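Let me begin by presenting the structure, written as structure tokens, before commenting on it.
The values are calculated or read from the model by the stated rules, or taken from the named source; none is laboratory data. It should be emphasised that the depicted structure is a prediction, and the values quoted were computed from it without experimental measurement. Glycine gets a Cβ as well: all are built from the backbone with ideal geometry, and neighbour counts include every protein chain shown.
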Amino acid sequence: MLAATRVNAAPPVDAATADYHATMADDAELYRRRYAEMAAGRRSHRRPNVKDVAAIAEVAVGTASDALNGKGRVNPATRYRIRSVAEAIGYFPNATARSLKRSRNGVIGLCIRPFGGAPLQYISVSYYARFLNAAAVAALERKYALAILPPDISTELDDIALDGVIVADPPPGDPLIEELRNRSVPYVTDFGEVDDPTSLCVGNDQAQAVRSVCDHFKSQGARSVAILAADGDEDYTIRSLRGYEQWCAENKQSPRIERTNILDPVATAAAAQRLMVGPDRPDAIYTTEAPVGNYLVTAARAARLNTPEDLLLAYCAEHTMDPTLDDISMLSLHAEEIAQEAVDLLASTIEGQDPKPRHRVIGTTLHIRSSSLRQGVPPGSA
């Protein structure tokens, strides 16, 4: 009778092999414990870095770096120990650090901040869609690739080798900006840092842009102007509201401001509807957000208000994305020009130049259409 055979049976483990694996596990636990002790003494949490690996492996930082990147002449046993420490504490060579000996990586990052919870949601906004396309073209012309970064990129920079980053509409205290500063990665942003003469800033004078719209409304006979803005705290919104409030103060008008989450259609529709009813109903409305233009048109029709007779309307957009908005006056921020200037500023800085000026203001254009132009009334200064 044939003896039964066991398929896929594990080979026997000799005592020496078992001891070896046990020692490896003990070493890894020791490395993790040492790192935990080091981390406990810090004031802030951060990922492990090459200095931590070197300290635990008891070698110089340069030796640790060479061992992890496969460079230099490192004793095999020392190289093995260093890599074991790195694996145990969860450190992997920084993609940016690997390229420090090169002048450039050839990659510029672009991160659009207002839509942190909705990746690529900004594509539906005409400004960002055009900004993205123009930035990609401008980067390629300067021999750079453009990497679209996720909203939570501040925790992932170790894995991406970037020469610099364009940060669109960051909120105050943006952690990404702080992380870029800590890593000495050059970046371009809007005018939130305009008070810093060393910063790289490109954008519009949002306050003046809103004032120009309000002046146009006034030239067309508007007595009460309202604004509908997003509920975020990015620089664009803050400066737009500031310009509106200044205009109201100068023209002795009580501000009428509606804020909404423009990613929530129910909330946005409700905000638009609130502006169409009540004894304090405005006779002119401007919205800073392109997607909200259609909500205002729909709400006005539902309230049986005609433009421009009963209500003057204008919205901010780069181009008409909806045929129902063909007759709505539109403020253009010239996204393409802003993107081109941002790439130029960043690329010049990366290449060791001192670009002038470091703060660049791009003008806006108010395209006046029938929604805000009453018959027989000239457009005035708008």
Point to revise | Where THR320 falls short, out of the listed (1) part of a loop (DSSP other than H, G, I, E, B); (2) hydroxyl-bearing (Ser, Thr, Tyr); (3) outside the structural domain of ALA229 (by TED's automatic domain parsing) | key: (3)
Practice item. Evaluate segment 235-251: report whether one residue or more is in contact (Cβ under 8 Å) with a residue 24 or more places away in the chain, out of contact with any helix residue (DSSP H, G or I) (no Cβ under 8 Å at 6 or more places or on another chain) and among the hydroxyl-bearing types (Ser, Thr, Tyr). Key: yes
Exercise for review: Would you mind telling me which numbered condition in (1) more than 20 Å from LEU110 (Cα to Cα); (2) modelled with pLDDT of 95 or more VAL343 fails?
Suggested key: (1)
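A quick yes/no check of all residues on (1) farther than 27 Å from ALA300 by Cβ; (2) outside the structural domain of LEU157 (by TED's automatic domain parsing):
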residue: ASN182; (1), (2): yes, no
residue: TYR187; (1), (2): yes, no
residue: GLY192; (1), (2): yes, no
residue: SER199; (1), (2): yes, no
residue: GLN220; (1), (2): no, yes
residue: SER224; (1), (2): no, yes
residue: ASP235; (1), (2): yes, yes
residue: GLY243; (1), (2): no, yes
residue: LYS252; (1), (2): no, yes
Check your understanding: Does at least one position in segment 206-216 carry a residue that is under 23 Å from PRO355 (Cβ atoms) and crowded, with 23+ Cβ neighbours inside 10 Å?
Key -> yes
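Output yes when any residue across segment 189-209 is part of a helix (DSSP H, G or I), closer than 26 Å to ASN294 by Cα and touching a helix residue (DSSP H, G or I) at 6+ places or on another chain (Cβ under 6 Å), and no when none is.
Going residue by residue through segment 189-209, those that are part of a helix (DSSP H, G or I) are 191-193, 206-209.
Keeping just the survivors that are closer than 26 Å to ASN294 by Cα gives 206-209.
Filter again for touching a helix residue (DSSP H, G or I) at 6+ places or on another chain (Cβ under 6 Å), leaving 206-207.
The answer is yes; a qualifying residue exists.
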Review point. If you check ILE238, ILE257, which single one turns out to be within 28 Å of PRO172 (Cα to Cα), modelled with pLDDT under 95, surrounded by fewer than 20 Cβ atoms within 10 Å (Cβ to Cβ) and not hydroxyl-bearing (Ser, Thr, Tyr)?
Key: ILE238
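Looking only at segment 364-382, filter to residues that are surrounded by 13 or more Cβ atoms within 10 Å (Cβ to Cβ) and part of a loop (DSSP other than H, G, I, E, B); which one of those is modelled with the lowest pLDDT?
Here is the first cut: in segment 364-382, the residues surrounded by 13 or more Cβ atoms within 10 Å (Cβ to Cβ) are 364, 366-374, 379, 382.
Subsequent filtering for residues that are part of a loop (DSSP other than H, G, I, E, B) retains 364, 368-369, 373-374, 379, 382.
Values: THR364: 96, ILE368: 95, ARG369: 95, LEU373: 93, ARG374: 88, PRO379: 63, ALA382: 40.
Per the criteria, the residue is ALA382.
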